[in-house]
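The values are calculated or read from the model by the stated rules, or taken from the named source; none is laboratory data. Everything quoted here is computed from the prediction, not taken from an experiment. Every residue, glycine among them, receives a Cβ derived from its backbone with ideal geometry; neighbour counts consider all protein chains shown.
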Amino acid sequence: MKKVRIGLLGCGVVGGGLCELIRRNRGVVADRTGLELEVQRVLVRDPRKERPVERSRVTTDAAAVLEAPDVDIVVEVIGGLEPAREYLARAIEAKKNVVTANKALLAARGAEIFRRAADRRVRIGFEASVCGGIPIIRAISAGLVGNRISALVGIVNGTCNYILTRMSEEKCTFAAALAEAQKRGFAEADPSLDIDGHDAAQKLQILAELAFGAELDHVPFPVEGIRLIEDEDIRAAAELGYVLKHIVVGKDLGDALDLRAHPALLPDVHPLAHVRNEFNSVLLRGDAVDEMIFTGKGAGSLPTASAVLSDIIDVSRNGHDHAEAVWHVPASPGRPVAADLESKYYLRFPIRDVPGVIGLIATALGNRGISISHASATLLPARPGHGNVKIVAHRCAESSLKKAVGEVERLPVLAGRAVVLRIFEEG
Ligand SMILES: NC(=O)c1ccc[n+]([C@@H]2O[C@H](COP(=O)([O-])OP(=O)(O)OC[C@H]3O[C@@H](n4cnc5c(N)ncnc54)[C@H](OP(=O)(O)O)[C@@H]3O)[C@@H](O)[C@H]2O)c1
């Protein structure tokens, strides 16, 4: 039996879950892998808190974990950029294999960290950084490694998906759904990273780098969140046969990549339309396997610990001799992100109720070459003389749509900001 002595950096939601999972499944893991897992040292900020490990193993001294001769593998579940980056660098320097769940760090400094690891012939596991318990990193980098992946679309932020599911099923407002998500532990006290789309964008960056072999640190792409979504739009989407979701899209266009994270209307029959609550799902298209879908819990203590544990085992089994790491640093320079792509759109214009208002809006859109497949006007019972015009626009370039919406917003009949949402109809 080979002993694996773990140096754990952080013992919060994920670190605590890992200790619990190792305690629960140590025997199963030993039977299946021949590895005997031991949580040797645990770095925390506050040594007085109750932890699911013996107090004697807890320290506030980073060197006591990073440079300890009796630690074989360092697991970083602190989060954030610093000191997590510094600690990973020190572990790599000390020639220890590392596992991290830190998508923010990998999205910001991944290329640098992986290059350093390759130089030092050290392996890095990062399965838990994207979609918690779903083994999507391993699926792309091992199971599907013989495929050219042409596209991926995913629901990768459980907080957004939970909020949009509650708004749709309970007919509640964004604020009420967010408060419920926070109460149930699906959203942070400061939920900005999630609801403004940045967490999903970090995960898309990691998935796209793996799937398309491109280095994307500091490559900007369009990111929108769900903060401004109103129950009115969720209802309208349902009436039109769509479900509103926050999605990430990555496509290999050859010379460029299409990368984006935004809310979108999915047709009711789309495979991702019925992924509910805090669940995540990623649909991939490979040239050999065709379409594959991976669905499961994208966050939480034990689901995320499951991914960390699988990395610990993978990295420990393969050891230092397989220094290619789980990630192959792409040799080619990054590819540009394509701009001004075409899409179908759902538009909602808050209006004052005057005769001919739909005609005025349709004319402004038509002047920019944008044709429409649906237009309807409804009045607001609570606000006499006001209402909404809702439009489904055929495929058009984003730049034309923006100009047309700008013109509509300057019409005197407009009573507020236009809502513009993409309609995503691809598989
Ligand atoms: N939570 C999830 O569902 C989930 C899912 C996927 C990925 N992740 C990723 O996993 C990582 C950890 O998330 P988490 O939810 O477990 O965070 P968390 O509950 O806030 O735990 C963070 C842990 O790190 C320790 N820590 C923080 N700063 C430290 C410092 N400067 N020195 C030493 N220890 C420090 C904290 O110590 P104290 O306990 O003493 O405060 C705590 O034990 C993040 O990168 C996150 O993005 C989380």
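Looking at segment 29-42, is at least one residue of a type outside the set (K, R), within 15 Å of the ligand (Cβ to nearest atom) and surrounded by 15 or more Cβ atoms within 10 Å (Cβ to Cβ)?
To start, the set of residues in segment 29-42 that are of a type outside the set (K, R) comprises 29-31, 33-40, 42.
Narrowing the set further to residues that are within 15 Å of the ligand (Cβ to nearest atom) leaves 39, 42.
Now drop any that are not surrounded by 15 or more Cβ atoms within 10 Å (Cβ to Cβ), which leaves 39, 42.
There is at least one residue in segment 29-42 that is of a type outside the set (K, R), within 15 Å of the ligand (Cβ to nearest atom) and surrounded by 15 or more Cβ atoms within 10 Å (Cβ to Cβ).
The set of residues in segment 370-427 being within 14 Å of L240 (Cα to Cα) and touching a Lys or Arg at 6+ places or on another chain (Cβ under 6 Å) consists of S376, K390, I423. The numbered conditions (1) crowded, with 23+ Cβ neighbours inside 10 Å; (2) of a type in the set (S, T, N, Q); (3) free of Cβ contacts under 8 Å to residues at least 40 places away in the same chain are all true for N97 except (3).
State whether one or more residues within segment 81-97 are under 29 Å from N277 (Cα atoms), within 11 Å of the ligand (Cβ to nearest atom) and either modelled with pLDDT under 95 or not in a loop (DSSP other than H, G, I, E, B) (or both). Quick ask: steps written out before the conclusion?
The first filter runs over segment 81-97 and keeps only residues under 29 Å from N277 (Cα atoms), leaving 81.
Those still in the list that are within 11 Å of the ligand (Cβ to nearest atom) too: 81.
With either modelled with pLDDT under 95 or not in a loop (DSSP other than H, G, I, E, B) (or both) added as a condition, the list becomes none.
Checking segment 81-97: not a single residue is under 29 Å from N277 (Cα atoms), within 11 Å of the ligand (Cβ to nearest atom) and either modelled with pLDDT under 95 or not in a loop (DSSP other than H, G, I, E, B) (or both).
Answer yes if at least one residue in segment 191-204 is within 20 Å of V13 (Cβ to Cβ), in contact with a Leu (Cβ under 8 Å, 6 or more places away or on another chain) and within 12 Å of the ligand (Cβ to nearest atom), and no otherwise. There is at least one residue in segment 191-204 that is within 20 Å of V13 (Cβ to Cβ), in contact with a Leu (Cβ under 8 Å, 6 or more places away or on another chain) and within 12 Å of the ligand (Cβ to nearest atom).
Taking only segment 145-187 into account, find how many residues are without any contact (Cβ under 8 Å) to a residue 12 or more places away in the chain and within 30 Å of A111 (Cα to Cα). Residues meeting the conditions: 1.
Of all the residues in segment 120-165, those that are within 16 Å of the ligand (Cβ to nearest atom) and part of a strand (DSSP E or B) number 4.
Whenever a residue of segment 401-414 is more than 23 Å from D340 (Cα to Cα), its partners that are of a type in the set (A, V, I, L, M, F, W, C) and assigned to a strand (DSSP E or B), lying with C-beta atoms within less than 7 angstrom and at least six residues away or across chains, give the pairs V413/I351; L414/F349; L414/I351.
Quickly run through segment 6-28 and pick out the residues that are hydrophobic (A, V, I, L, M, F, W, C), crowded, with 19+ Cβ neighbours inside 10 Å and touching a residue at least 40 places away in the same chain (Cβ under 8 Å). Can you show your working first?
Taking segment 6-28 first, the residues hydrophobic (A, V, I, L, M, F, W, C) are 6, 8-9, 11, 13-14, 18-19, 21-22, 28.
Filter once more, keeping what is crowded, with 19+ Cβ neighbours inside 10 Å: 6, 8-9, 11, 14, 18-19, 21-22.
Of everything in segment 6-28, those that are hydrophobic (A, V, I, L, M, F, W, C), crowded, with 19+ Cβ neighbours inside 10 Å and touching a residue at least 40 places away in the same chain (Cβ under 8 Å) turn out to be I6, L8, L9, C11, V14, L18, L21, I22.
Could you check how many residues of segment 182-218 are of a type in the set (G, A, S) and either out of contact with any strand residue (DSSP E or B) (no Cβ under 8 Å at 6 or more places or on another chain) or surrounded by fewer than 24 Cβ atoms within 10 Å (Cβ to Cβ) (or both)? Counting residues in segment 182-218 that are of a type in the set (G, A, S) and either out of contact with any strand residue (DSSP E or B) (no Cβ under 8 Å at 6 or more places or on another chain) or surrounded by fewer than 24 Cβ atoms within 10 Å (Cβ to Cβ) (or both) gives 6. Entry remark, segment 166-179: residues being crowded, with 17+ Cβ neighbours inside 10 Å and part of a helix (DSSP H, G or I) number 6 in total. Here S281 clears all of (1) under 23 Å from I149 (Cα atoms); (2) among the small types (G, A, S); (3) under 15 Å from the mean Cα position of the chain (by Cα); (4) not in a strand (DSSP E or B) except the condition numbered (4).
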